[in-house]
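Below is one structure, written out as structure tokens; comments come after it.
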Amino acid sequence: MAVAQLRNPHPRSTEDTHASPPDDQTQFSIFDLARAAVRILGRDWAVKRGDWGVSATLFNESRTFLLCVDESGDLCLDYTRPSDELLPEVMPNGVAVYPGGMFFEAARATEGLFALSVRVASAVQAAVTGTSELMIEIPAPTSGDELGRAHAQYGPILIYPAGRPLICHSAEHDAPTAAERMVSYCGFTLPACGDHEAAAAEFAREWTT
């Protein structure tokens with residue numbers, strides 16, 4: 001991803017709360033990308049804009065990652081591993097690992113903010129947990145083929161609005177509870193309330209593997 005493809009934010013602004021949203025899906029800054037990845041990773045993660053807007057830090061209570069573009073124009077995610085931590089064995093497609101972190105092969109802004117933020121979030125997830133599986137929220141697909149294409153692009157676990165009245169799959173409820181989302185693991189779908197989305201993904205994974 002070349003720096004020239006990115007929209008330069010105000011260089012003297014470092015407050016996360018003052019970051020402006022991207023103009024569209026192909027004009028965004030490194031900070032916009034990091035912020036979108038943090039939204040995917042969840043509420044335990046935060047982001048801070050780097051100097052001059054050419055880098056951003058993603059962090060939680062225990063880990064810190066620096067998202068930047070290197071001298072060769074490659075999008076990189078640098079981090080310091082604990083001394084007893086091995087290099088991740090399983091990484092998302094197009095992510096290569098090196099001793100100081102990882103870089104995203106052939107990443108381009110034309111892929112769009114959402115697709116790139118999923119790749120960044122998946123790489124962070126892989127480094128921290130050893131698996132790159134994330135629950136990615138998408139618009140409700142209109143067909144099985146569309147759902148299949150979304151899985152191919154974003155990963156094995158997808159969630160999307162239920163779209164019609166359904167009951168949560170979980171037997172832990174005392175009474176039938178409305179499902180807010182559909183959870184799909186490689187096309188095997190289950191309705192779930194907000195408290196049981198992860199459980200639905202795990203059940204679907206076990207059923208299909």
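The values are calculated or read from the model by the stated rules, or taken from the named source; none is laboratory data. Values in this document were obtained by computation on a predicted structure and should not be read as measured data. Neighbour counts run over all protein chains shown; Cβ positions are idealised from the backbone, glycine included. Side chains are part of the model used for accessible areas, which takes the heavy atoms of the whole protein and leaves out ligands, DNA and RNA. Shrake-Rupley method; radii C 1.70, N 1.55, O 1.52, S 1.80 Å.
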**Report entry** Inter-label distance, nm, simple model (7 Å from Cα along the C-beta direction), Ala115/Ala152
**Finding:** 1.2
Report summary line: Subtracting the Cα-Cα distance of Glu71 and Ala175 from 0.36 nm times their residue separation yields 31.6 nm
Requested in this report: Give the distance, in whole Å, between the Cα centre of region 179-194 and the Cα centre of region 92-169.
Outcome: 16
Report summary line: Given a Förster distance of 41 Å, the FRET efficiency implied by the Cβ-Cβ spacing of Arg164 and Val97, rounded to the nearest 0.05, works out to 0.45
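What is the calculated FRET efficiency for Thr80 to Ala46, with r their C-beta to C-beta distance and R₀ = 25 Å, to the nearest 0.05? Please report the intermediate quantities before stating the final value.
Working: r = 18 Å, r/R0 = 0.71.
For R0 = 25 Å, the calculated efficiency reads 0.90.
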Query - Per residue, in Å², the accessible surface of region 104-209 once ligands and nucleic acids are set aside, probe 1.4 Å - result: 51
